[in-house]
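Visitor: Attaching a single structure in structure tokens format; questions to follow.
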Amino acid sequence: MRLLPLLAVLAILPLVAQASTKPKTKAKSSTTKPVAESATEAAPAPTPDPTPAPKPKPRVKLDTSYGPIVLELEAELAPATVENFLRYVTEGHYAGTIFHRVIPGFMVQCGGMTENLVEKPSHAPVINEAPATFKAGLKNVPGTIAMARTNDPQSASSQFFINTAVNTSLDHSAPTAEGYGYCVFGRVIEGMEAVAKIEKVTTVWRRGMQNVPEYPVRIKSAEILK
């Protein structure tokens, strides 16, 4: 009769052991769930848009008697002047013109005269953008190109010059006829050696004009580079 209580205890023990292992199984499975961790992950930072590449500046090649000269134009700083210049290039205006005024230590001028010193027909004058271009930093210094004109600040058409010295007196200084200045609209990026040769040619008086090269210095062609 004493064995009955012992058997009853032995019969109950496996049930208790099984019951005691069930919470351990649940705890183990709950630690494998990644829901709480994934919910706290930060969203990736947005990728900024790439900075657009600057627009290339127009370039024009002059084929001269003394070699090629490549000009780079400031279309954003002198839009009207550059548009005017490119119009003449596209129309073939500069082909057959000459450097008709050469002053050493100052500048060489071209773009309007034929070999016989006859001025070619031109379009209406372009607005003088010298106040804006000077403010933007374009100055009459060696290698820059500017529009030639008469004493009237608003008379520039097709003729232009290449500076061979620091010509501060040609920069804009005041909104007057004397101080309006000559609009710089680009620079020589290739061929300054050709410019230097042109600057050294012998000049003479011819047809009432001073500083004319004794022998023609021609612009054979002018083309926009792609």
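Visitor: Would you point out which residue out of PRO125, PRO142, PRO104 is surrounded by 13 or more Cβ atoms within 10 Å (Cβ to Cβ), over 20 Å from ALA75 (Cβ atoms) and free of Cβ contacts under 8 Å to residues at least 60 places away in the same chain? Write out each step before concluding.
Guide: Values: PRO125 fails: over 20 Å from ALA75 (Cβ atoms); PRO104 fails: free of Cβ contacts under 8 Å to residues at least 60 places away in the same chain.
Result: PRO142 is the single residue among PRO125, PRO142, PRO104 that is surrounded by 13 or more Cβ atoms within 10 Å (Cβ to Cβ), over 20 Å from ALA75 (Cβ atoms) and free of Cβ contacts under 8 Å to residues at least 60 places away in the same chain.
Visitor: When the range 171-196 is examined, which residues are found to be touching a strand residue (DSSP E or B) at 6+ places or on another chain (Cβ under 9 Å), free of Cβ contacts under 8 Å to residues at least 60 places away in the same chain and crowded, with 22+ Cβ neighbours inside 10 Å?
Guide: The answer is GLY181, TYR182.
Visitor: Filter the range 171-213 down to residues that are of a type in the set (A, V, I, L, M, F, W, C) and either more than 27 Å from LEU225 (Cβ to Cβ) or assigned to a loop (DSSP other than H, G, I, E, B) (or both), then give me how many there are.
Guide: Initial filter on the range 171-213 (of a type in the set (A, V, I, L, M, F, W, C)): 174, 177, 183-185, 188-189, 192, 194-196, 198, 201, 204-205, 209, 212.
Those left that are additionally either more than 27 Å from LEU225 (Cβ to Cβ) or assigned to a loop (DSSP other than H, G, I, E, B) (or both): 174, 177, 183, 201, 204-205, 209, 212.
Selection size over the range 171-213: 8.
Visitor: For the range 74-104, which positions are acidic (Asp, Glu) and within 15 Å of GLU223 (Cβ to Cβ)?
Guide: First, pick out the residues of the range 74-104 that are acidic (Asp, Glu): 74, 76, 83, 91.
Scanning the range 74-104 gives a single hit, GLU91.
Visitor: Give the range 44-91 a look and list any residue that's surrounded by 17 or more Cβ atoms within 10 Å (Cβ to Cβ), under 18 Å from CYS110 (Cα atoms) and hydrophobic (A, V, I, L, M, F, W, C), or say none.
Guide: Those that are surrounded by 17 or more Cβ atoms within 10 Å (Cβ to Cβ), under 18 Å from CYS110 (Cα atoms) and hydrophobic (A, V, I, L, M, F, W, C): VAL60, LEU62, ILE69, LEU71, LEU73, VAL82, PHE85, VAL89.
Visitor: Going through the range 154-206 one residue at a time, which ones are closer than 22 Å to ALA132 by Cα, over 26 Å from the mean Cα position of the chain (by Cα) and of a type in the set (Asp, Glu)?
Guide: GLU178
Visitor: So how many residues does the range 85-131 have that are in a helix (DSSP H, G or I) and more than 17 Å from THR144 (Cβ to Cβ)? Outline the logic, then answer.
Guide: Narrowing the range 85-131 to residues in a helix (DSSP H, G or I): 85-91, 130-131.
Cutting the leftovers down to more than 17 Å from THR144 (Cβ to Cβ) gives us 86-91.
Adding up the residues that qualify gives 6.
Here, each number is a calculation from the coordinates, and none is a lab measurement. Treat the numbers as computed from the prediction; the structure is a model and nothing was measured. For neighbour counting, all protein chains shown are included, and Cβ atoms are generated from backbone atoms with ideal geometry for every residue, glycine included.
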